[in-house]
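Below is a structure I'd like to ask you about.
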Amino acid sequence: MTVLVPLTLDEALSALAASPDALLLSGGTDAMVEVNAGHRRPSVVVAVNRVSELRSWTYDPIGATVRIGAAVTYTELMEPPLATLLPALAEASRTVGSPQIRNVGTLGGNLGTCSPAGDGLPVLSALDAVVHLASARGERSLPVHEFMVGVKRTAREPGELITAITVPILTGWQGYAKVGVRNAMVIALASACVAVDMGARSVRLALGSVGPTILRCPDAEQFAAESVDFADRRATAAVVARFGELAAAASRPIDDHRSSAEYRRHAIGVLAARLLRRAFPRE
Ligand SMILES: Cc1cc2nc3c(=O)[nH]c(=O)nc-3n(C[C@H](O)[C@H](O)[C@H](O)COP(=O)(O)OP(=O)(O)OC[C@H]3O[C@@H](n4cnc5c(N)ncnc54)[C@H](O)[C@@H]3O)c2cc1C
């Protein structure tokens, strides 16, 4: 096995151009599990976590966006100033694995794996993030929902890597919640992100672990936008309950070794209602 450790984006793209099917390795917290289990046997590995361009982030106050390099870790996302700009992403990051996993695990790796249970992904969905890809052929950018194709399937092509993720900054409350079999070191059985956009008077809702990939909930979003009081941050108990029902109805869970579909659907209703109540604390 050849392991290449490029230090610049150009070096990484050249390495990938020579070996388009190389295994990209960032923190390795998913990739090494697959290698150790024998599910992947790469002849070439391109480790991208020392590529300086992928390790940094920038805030554009005029465009109201943050561009996060693919190799930025959860630990970095949990701390200000990133945590202040993107509180739901920080909240999701705090739920990932253990400190050891959060110190090396990256947002780019979460997208690269594209598990429906990936904790960063419902937040990227609710915030309408854009994924930037590069190869020796050039660059392209995709809305996150075009990038996430299915269970552990993405639109990434051979020779491409994720360089960064652009995340719009919304004014309004945002939060993330997940349910698992315990409170830490746990894969989500169900997860949800609610993000309020005060400018557009909209409420975004994205669900994890209850479909082949992350799901947005247009019916629940429209209902909330028409039913809450944005100025006073009010929602009646009936509105909160109905929002939970619409979220549960939008979920498409399966039975598997971790949970029944019925429990997952119930959990989604509870999580969505709980998040809407946090966003609109007054009755
Ligand atoms: C003990 C443990 C606990 C965990 N707990 C959680 C959890 O609570 N929540 C959660 O969401 N995940 C969890 N994970 C999974 C994992 O930590 C996350 O998915 C993490 O974000 C992966 O990032 P990474 O940098 O380690 O990716 P890697 O393992 O390096 O890569 C993951 C995949 O993405 C690809 N990839 C990496 N970088 C790029 C890039 N720049 N461009 C394109 N493709 C790329 C790789 O080829 C690979 O297919 C856990 C893993 C372990 C081992």
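When both residues are 6+ apart or on different chains and their Cβ atoms are under 6 Å apart, which pairs have a first residue that lies in segment 1-24 and is touching a residue at least 24 places away in the same chain (Cβ under 8 Å), and a second that is of a type in the set (G, A, S) and open to solvent by 50 Å² or more (accessible area, probe 1.4 Å)?
Taking only residues 6 or more apart or on different chains, the pairs are L13/A136; A17/A136.
Looking at (1) in contact with a Phe, Trp or Tyr (Cβ under 9 Å, 6 or more places away or on another chain); (2) among the acidic types (D, E); (3) open to solvent by 20 Å² or more (accessible area, probe 1.4 Å), can you tell me which one E79 breaks?
(1)
Right, here's the next one. Specify which of the listed residues (V130, V96) is without any contact (Cβ under 8 Å) to a residue 40 or more places away in the chain and closer than 26 Å to G63 by Cα.
Being without any contact (Cβ under 8 Å) to a residue 40 or more places away in the chain and closer than 26 Å to G63 by Cα holds for just one of V130, V96, which is V130.
Here's something else I'd like to know. Anything in segment 105-128 that is open to solvent by 10 Å² or more (accessible area, probe 1.4 Å) and more than 8 Å from the ligand (Cβ to nearest atom)? List them, or say none.
Of everything in segment 105-128, those that are open to solvent by 10 Å² or more (accessible area, probe 1.4 Å) and more than 8 Å from the ligand (Cβ to nearest atom) turn out to be P116, D128.
Six or more apart or on different chains, Cβ under 9 Å: which pairs go from a residue in segment 99-114 that's farther than 18 Å from E34 by Cβ to one that's more than 7 Å from the ligand (Cβ to nearest atom) and open to solvent by 50 Å² or more (accessible area, probe 1.4 Å)? Could you list them?
Between residues of segment 99-114 that are farther than 18 Å from E34 by Cβ and residues that are more than 7 Å from the ligand (Cβ to nearest atom) and open to solvent by 50 Å² or more (accessible area, probe 1.4 Å), the close pairs are R102/R94.
Provide a single number: the residues in segment 143-159 that are among the charged types (D, E, K, R), assigned to a loop (DSSP other than H, G, I, E, B) and more than 9 Å from the ligand (Cβ to nearest atom).
Summing the residues that are among the charged types (D, E, K, R), assigned to a loop (DSSP other than H, G, I, E, B) and more than 9 Å from the ligand (Cβ to nearest atom) in segment 143-159 gives 1.
When you scan segment 102-109, do you find a residue that is in contact with a helix residue (DSSP H, G or I) (Cβ under 7 Å, 6 or more places away or on another chain), of a type in the set (K, R) and under 18 Å from L89 (Cβ atoms), even just one?
yes
Condition check ((1) more than 12 Å from the ligand (Cβ to nearest atom); (2) farther than 30 Å from A18 by Cβ; (3) among the β-branched types (V, I, T)) across all residues:
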residue	(1), (2), (3)
P42	no, no, no
V45	no, no, yes
T58	yes, no, yes
A64	yes, yes, no
P81	yes, yes, no
A88	yes, yes, no
A92	no, yes, no
N103	no, yes, no
V130	yes, no, yes
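Let me ask you something else. Going by the conditions given, is T73 surrounded by fewer than 13 Cβ atoms within 10 Å (Cβ to Cβ) and within 30 Å of A18 (Cβ to Cβ)?
In short, no.
Among (1) over 17 Å from the mean Cα position of the chain (by Cα); (2) more than 9 Å from the ligand (Cβ to nearest atom); (3) of a type in the set (S, T, N, Q), there is one condition S98 misses while meeting the rest; what is its number?
The failed condition is (2).
The values are calculated or read from the model by the stated rules, or taken from the named source; none is laboratory data. It should be emphasised that the depicted structure is a prediction, and the values quoted were computed from it without experimental measurement. Counting neighbours? That spans all protein chains shown, and the Cβs are built from the backbone with ideal geometry, glycine included. Ligands, DNA and RNA are stripped out before the accessible areas are found, and what is left, the full protein with its side chains, is counted by its heavy atoms. Shrake-Rupley method; radii C 1.70, N 1.55, O 1.52, S 1.80 Å.
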